[in-house]
Structure formats: C-alpha cells, structure tokens
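A short write-up of the structure that comes next.
The values are calculated or read from the model by the stated rules, or taken from the named source; none is laboratory data. Predicted, not measured: the structure shown is a model, and the values here were computed from it. Methodologically, a virtual Cβ is constructed for each residue, glycine included, from the backbone with ideal geometry; neighbour enumeration extends over all protein chains shown.
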C-alpha cells in the first residue's frame with residue numbers, strides 16, 4: 001500500500017481511525033481491527049483540508065488533477081501533499097476522501113490510543129517497590 005508516493009511497511013492494515021486532529025496535525029492509526037492494538041501511525045502535519053470519516057477501511061489512490069488544484073486548502077498556494085482515497089465506513093457505498101497537508105510522517109509500531117471521554121482509567125503499575133505511602 002502506498003500513500004503519496006511513500007510505501008507503507010508490510011502488514012495487513014484494514015481498519016483505520018482518527019486518533020487526534022487539531023490545527024497542527026491529523027493522526028491516523030491503522031491495524032487489524034478497531035478493537036485490537038494498532039501497528040501503524042500516519043501523521044499529516046499542518047493539515048489544510050481533511051475529509052474523512054472517524055473510522056474507515058481505505059483504498060488509497062492518486063489524486064485527480066482537479067483534487068490537487070482545489071483552491072480551498074487555505075491561504076497561499078496549494079498544499080504540497082494531497083492524499084486521496086475511497087473509504088468504506090460501513091455505509092451503503094464507499095466515500096471519496098481527500099486530505100491536504102504540508103507533510104507526512106509514517107511511524108510503524110504500537111500506537112497508544114487516548115482514553116475515550118468518560119472512560120474509567122485502570123490503575124497502572126506501581127512506581128515504588130513497597131506498600132503505598134501514608135497520605136496523612
């Protein structure tokens with residue numbers, strides 16, 4: 001699989017989801033299933049335009065000349081990186097999606113997920129060897 005001319009590491013990455021999106025970056029995680037740990041992170045730096053569902057199964061493709069030339073990517077010239085894909089998000093048909101950004105980072109390996117809103121946190125390993133210290 002390839003994104004914007006960059007080959008992704010080997011492996012089956014069927015399910016993708018947005019794990020963070022703000023003005024400075026769009027973070028996508030990919031893995032074997034949304035309930036399992038993700039093994040790949042794709043980060044779009046300084047995204048100018050993002051059009052994709054929160055979780056999806058993508059088929060990446062080269063952007064058309066019309067998609068690359070769209071003026072709606074923000075101020076100034078067009079974005080240096082435009083990624084297009086068809087996304088199956090569980091609806092009746094796949095949806096055309098487009099992301100325009102300044103840069104792209106591909107990070108293989110375990111991708112920690114942020115806790116969901118309202119989720120109960122579990123106690124982690126203790127960072128001291130003995131019994132809990134008194135608080136009084």
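Tabulated results
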item: Qualifying residues in the range 27-39 (those that are closer than 19 Å to residue 88 by Cα and in contact with a strand residue (DSSP E or B) (Cβ under 6 Å, 6 or more places away or on another chain)) - the one modelled with the lowest pLDDT; result: 34
item: Residue check for residue 121: farther than 18 Å from residue 27 by Cα, surrounded by 15 or more Cβ atoms within 10 Å (Cβ to Cβ) and at pLDDT below 85; result: no
item: The listed residue being farther than 17 Å from residue 13 by Cβ and at pLDDT 85 or above, out of 104, 75, 81; result: 81
